[in-house]
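Please read the structure below before turning to the comments.
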Amino acid sequence: MLDSYKSLFFIGIKGVAMSNLARIFQQMGKKVSGSDTEESFITDQGLTNDGIQIIYSFEASKLP
């Protein structure tokens with residue numbers, strides 16, 4: 001089922017579980033991005049290193 005999706009968007013992407021899922025899907029060749037707060041998380045560096053875009057907002061108007 002997930003084979004048909006080319007891109008995924010995670011709300012709360014900086015959470016430990018969500019960030020790991022995002023990174024796994026990116027390694028599978030999916031285009032991954034997400035949203036979260038500007039607060040620092042232990043997962044920030046890994047997401048940044050993998051080039052995953054983070055939108056620092058939960059406002060619907062700012063989300064793709």
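The values are calculated or read from the model by the stated rules, or taken from the named source; none is laboratory data. The model shown is predicted, which means the values in this text are computed figures rather than measured ones. Cβ: placed from backbone, ideal geometry, glycine included. Neighbour counts: every protein chain shown. Remember, those area values only see protein heavy atoms, side chains included, never the ligands or the DNA or RNA. Shrake-Rupley method; radii C 1.70, N 1.55, O 1.52, S 1.80 Å.
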Heavy-atom accessible area per residue of the chain, all protein chains kept, 1.4 Å probe, expressed in Å², is 69
So the carbon and sulfur contribution to the accessible area of the chain, 1.4 Å probe, in percent, is 56
Summing -39500 (n - 2.57) over every DSSP H run of at least 4 residues in the chain and dividing by its residue count gives a helix-only mean residue ellipticity at 222 nm, to the nearest 500 deg cm²/dmol, of -8000 deg cm²/dmol
Net charge (Lys, Arg +1; Asp, Glu -1) of residues whose beta-carbon lies under 13 Å from that of T43, T43 excluded, is -2
Counting only residues 5 or more apart in sequence or on a different chain, those whose built amide H sits under 5 Å from that of L8 are K31, V32, S33
